[in-house]
Structure formats: structure tokens, C-alpha cells
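Let me begin by presenting the structure, written as C-alpha cells, before commenting on it.
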Amino acid sequence: MTNFAVSLWVYQRTGSISWFALAAMLALLPAAVLAPVAGAVADRFDRRLVMIGADCLAATGTVTLAGLLWLDRLQIWHVFAAVTVSAVANAFQQPAYLAAVTQLVPKRYYGRANGIVSLGSATGTVLAPLLGGALVVAVGLRWVVLIDLVSFLVAVGITLYVRFPATMFKRREESFGRELLGGWRFISRRHGLLSLILLAAALNYFFAVVEVLATPLTLALGDPSVLGMVLAASGIGMLLGSVLMGVWGGTSRRTTGVLVGILLLGVAMIVAGLRPNPVFPAIGLFGLGLTSALVNTHLLALVQAKVGLELQGRVLATNLMLTWLMVPVGFLTAAPLAERVFTPLVSGTRPVADLAAVLVGHGPGRGIALTAVAAGLCSLLLAAVGWSYRPIRRLEDELPDADPGTVIVADKDRIQDEADRRLAELVDAGHG
């Protein structure tokens, strides 16, 4: 709710897509830059404590924002600073959170477990624009931020209560500096996995372009209350996609699930910009939410199955870094594409303008709509490239699954100590 309300506040104060996109970019860029460090931290330290620390850091940014609001001293740069602090916290929270799934869940349930994880995010995505839009109008941004503070108390309290099985080594053989590159070394040596992650990163660019343009596109067709309902459609789609994955678990070949999801994402982007009616962005965003849940859960389950538990924080963080880096690029280039490339096409020479009108219709915001359609067409091309490239298509056959161990709850340091003792006994017996 806070992200929605603050982004709306920035856009209403400035009326600029670029400023709006900058706020959204700052919510991701620090997280992407810090992802390798966060991944190494998630593999080296107690993931539960990492999550608690990250939530506490994020809460400090929200407390500062609340204080400035109550003093009536909030400025644009304050919002950007608070968003940056939240992004840094998210950088450490996400790898620990996602890698914790394999500490708590047997391998055969990875697809369903990731569907349930996505369900939590989707629920917030549904409620945030609906409640955020209503509360901004009814009680103002101050109360939205205070509700956010209460949510931090709930999150930290629950995580303090939960206990994780002792399935991680406490004694590390690599230096922290070497661990920073561990995720990249693992991915770069497996060409099929690297190619699939790069494909997902490219998709994230086009997704980001459509995502950041959805707000100005909808506001060109309606008021903030309409915007809240349209953005909620994305969350509803993600909610249904998460429920589907939680029950179904995904395709038997997870690469197929990823590629089909990319294809459907492209179709949803095209629908979002087809006609100057809020129904089309709503349907398109619903499709984006639904299919992004399918893509993300299939990709997460694939990484969790192919990567050992001791490396998952770093590999997942590297994956997040590559995909997150493309989101700020999409946010920053969305406004120039819409305002300087596609808007002139809509209002340009007659043949070009007529073709644009056939694709997206007439009316306000049609340059933005044409940008969304172009992003969708590029996503369809990505799906075709992924399917035609053999290392991606045959990834699950050529890359073996990691052995998660037969015992879920085990102290790996105790097991290693026992193995070291037996080895020492064998060496001594050989010398005797």
C-alpha cells in the first residue's frame, strides 16, 4: 500500500512519467547491485535472522517517512531516500526467503511451495491498490504509512516464532570475497541455465516497460479510483496463478512452463494497449499477473532442484540481480519510448498514424498503448528464441538435479564432523 500510495503521490505532485519511473527504479536498483552480497550473506548466516534484520531495516525507512509526513515536511527526495532504504532491505530479504523454501520443503513439493510463496505476494498485490487508493482518498498518505509500520511488527513477530531446520554448514571453507562470485561461477558454467536466466532478464525489461506505463495509461482513461481497480487486476491474476501453481505444481518439464508463460505474457501486454478503454489495461494486467506467477514459480522450482542448498542463496541472488537490473532500465526507457518514439508515430504522417490507430485505436495515451503492444510483440519473439535454442529446451535433461539429502532435519556440521573422524581413523589405521 505504501509503495502504491507514495508512487501516486510523486506522480500527482510532478505530473511526470520520468519522476514516477525514477521512484519505481530506486525501489529495485540498489537491490540489484547488492544482490551478490545478499546472496553470500544468505548462504553464510542464519536465513531466518537475515530476514528479520532486513525487515527491521525497511521499517526504519518507513518510520522516517511517517515522521516527515506528520511534520508536513515530506519532499520528493525524502521519498526517493526512503524507497532506496527499502530496496536495500529487500536485497537481503529475498534471497534468504526464497532459499529458505528448500530448508523447509521436500523437493517433490517445490512447485507447489513456490506457488504458495507467490500466493502471499499476490494477496498483497491485490489488496495494495484497492486499499491504498481508497485510503489515500479517505484518510491520506499518513495513515497508509502507519498501517505499514504495523505490518512490520506482524512480519518480524511471525519470523521470530518460526524455527528453521539446521540443514546448513556453519563452518565455511571459502572466504566471503570468493563466495560473492559463487552464484555467477555456478550459472556461467551451465550454458542452458545461463541462457534461460538471461531470457528471463530480457523479459523483465519488457515487463517493466508495461508495468510502469500502466499507471499513466490508465489515468489517461480514468481517475485514481479506476487506477486502483485496474492495478488490482494484476494482483488478482497473480493470486489465481499462485493458487493454480500451489494446487497443480506446474508442468513436469519446468522449462516448458517458463517458455509457455513468456508466450502468454506477450499476449497479455498486447491486450493491455489494444483499445482506449480501461477494460483492456485491466484484462492485460490480469494476464500479466497470472502468467508472471507461472513463469516465476517454474523458474524458481527449476533453480531449487538443480542447485545445492549451500549455494542457493548466491545462485538465486545472481538470478535476481540479472532480472532486477533490467527493471530500472525498463523504467527509465519507458517514458522516452512512449513520449518520443511511439507518440509521434500515433500523431505522425497519415499512413503510419493510420496503422497505429488500427493497433491501438484513437484517444489519449495511445503512444503509451503502442509502447505496450510493441513490448508484447518482443516478448513473443523471446518465447520463440527460447524454444528454438537447444540448450534451453534440453536444460532439464543435460543438467542433473542436486541431491537435497534424504534427511530434511539434520545438523550438517555434525555429519561432517563424523565423516572427518572416520577419515582420520582410516588414515591412522593405514599408517599403522
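The values are calculated or read from the model by the stated rules, or taken from the named source; none is laboratory data. As the structure is a prediction and not an experimental result, all values here were calculated from the model. For the accessible areas, the whole protein counts, side chains as well, though only heavy atoms, and no ligand, DNA or RNA atoms are used. Shrake-Rupley method; radii C 1.70, N 1.55, O 1.52, S 1.80 Å.
Descriptive notes on the structure:
- Accessible surface of the stretch 231-276 [probe 1.4 Å, protein heavy atoms]: carbon and sulfur percent: 78 percent
- Relative contact order [Cα under 8 Å, 6+ residues apart], the stretch 1-155, whole percent: 38 percent
- Take the chain with all the other protein chains still there, run a 1.4 Å probe, and you get 45 Å² of accessible area per residue.
- Extension gain for L153-W387 works out to 79.7 nm (0.36 nm per residue, less the C-alpha to C-alpha distance).
- Only DSSP H runs of four or more residues enter the estimate; each adds -39500 (n - 2.57), and after division by the residues of the chain the mean residue ellipticity at 222 nm equals -27000 deg cm²/dmol.
- With contacts taken as Cα pairs under 8 Å and at least 6 residues apart, the chain reaches a relative contact order of 26 percent.
- The stretch between V329 and R108 holds 75.9 nm of extra length on full extension. This uses 0.36 nm per residue minus the Cα-Cα distance.
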